Amino acid sequence: MGGKIFPFLQKLCLFSRNSAAEPDESRTLLPKNAVGQRKSEHAQDTRLGFQYYTNNTGDEENVATSDPGPQKERLLLFTYRPDPFVPFIKYFMFCVNSAIFTLGLAILSIGFWGLAAKQSLMGEQIGYLGTDPMLAFVLVGLLTCALSFSGCVGFIRENTCLLRTFLVGIMVLIVSQCLVAIVVLCFQQKIQDSLRSTMLVAMSRYQEDSDLKFILDEVQLGMECCGVQTYQDWDVNLYFNCSSPGVNACGVPYSCCIDPLQNGTVPNSQCGFGALGMGEIAASGLVYLGGCIPQLVLWIHGRIWDIAAVYVLLTAIELVFLVFAQRVMREIEVIKSLY
């Protein structure tokens, strides 16, 4: 008798534990589909971010598995978790692109002002537009404004079209920088020849273009050089040529002089008079004999690591912009797919 009662008591205890752990579906205060819903709350696919809920009382067991099963009525709910860094990226990139846009607008304004002041787009002056430094200001300003505007509005307004434009522009900029670096490393001699011819054209128009005059003077003063290869290269200019009838005949600009300032403050425009008619020994005490191209090559070789560091830093910043644009675009696509 005792042997039959003991198993009966075990079954009774087990039944009471199961009744306390799971509510009875036959209770009037608890709907029949509540049990299935509570079970389905734990059926979450963490990899896809989806949850399955069911209100069908016959298929509660299928919810706990990876396959929802043949249920008649299901509710598929996407558990969306927004990227917490996207708001910071949006406003940070808006501020950065706004500053770049302002800088580009200033460069563009300087370029147009210079072209208008010199009337470079009218008459015979338009033929020298290719050598006008103001044209470079205009082109750089236009590209900077277009790229920064697409990034500025695209980030703050979450516009995927403008963000793609910004993304493509940054990619083109990175590829262009890489191509320029490869060309500079592989075709150094050809680049030097091109610089020589460009500088000779600029020297021939020294008195005719105030911008070229300013740039040449600053280059010669900063690098302590004169001409392209030697100081004799200024013979290409009609005003400094020894056959010229003017007062500048056989002379060089004041920026070629070893002591170009009078009383330490005012440029002495006559300090280079007659230098082309002198021998090298006599002229060495008056002007710099070496040209600017050799000095430029020596300057680049002496600062090659600094130039490389600036190049790497600039490329890294552009890559960060690229990653930020892709991250915001991905977030926008996820939200669009939900709603």
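Annotations for the structure displayed:
- Residue match in region 165-174 (condition: within 24 Å of Gly111 (Cα to Cα) and either without any contact (Cβ under 8 Å) to a residue 12 or more places away in the chain or open to solvent by 40 Å² or more (accessible area, probe 1.4 Å) (or both)): yes
- With respect to the conditions (1) more than 42 Å from the chain's Cα centre (by Cα); (2) open to solvent by less than 70 Å² (accessible area, probe 1.4 Å), Leu238 lacks only one, and its number is (2).
- Within region 294-311, considering residues that are farther than 14 Å from Gly222 by Cβ and in contact (Cβ under 8 Å) with a residue 40 or more places away in the chain, the one farthest from the chain's Cα centre (by Cα): Pro294
- Within region 207-316, helices (runs of 4 or more DSSP H) holding 3 or more residues that are farther than 30 Å from Leu185 by Cβ and of a type in the set (A, V, I, L, M): 280-283
- Hits in region 263-287 (condition: exposed (fewer than 10 other Cβ atoms within 10 Å of the Cβ) and either in contact with a strand residue (DSSP E or B) (Cβ under 6 Å, 6 or more places away or on another chain) or touching a residue at least 24 places away in the same chain (Cβ under 8 Å) (or both)): Gly285
- Count of region 206-228 residues, restricted to those that are more than 17 Å from Cys256 (Cβ to Cβ) and open to solvent by less than 70 Å² (accessible area, probe 1.4 Å), is 2.
- Test: residue in region 233-256 that is closer than 19 Å to Leu296 by Cβ, in contact with an Asp or Glu (Cβ under 6 Å, 6 or more places away or on another chain), of a type outside the set (Phe, Trp, Tyr) and touching a residue at least 24 places away in the same chain (Cβ under 8 Å): yes
The values are calculated or read from the model by the stated rules, or taken from the named source; none is laboratory data. Computed from a prediction, not measured in an experiment: that's the story for all the values here. Here Cβ is always computed from backbone atoms with ideal geometry, including for glycine, and neighbour counts include all displayed protein chains. For the accessible areas, the whole protein counts, side chains as well, though only heavy atoms, and no ligand, DNA or RNA atoms are used. Shrake-Rupley method; radii C 1.70, N 1.55, O 1.52, S 1.80 Å.
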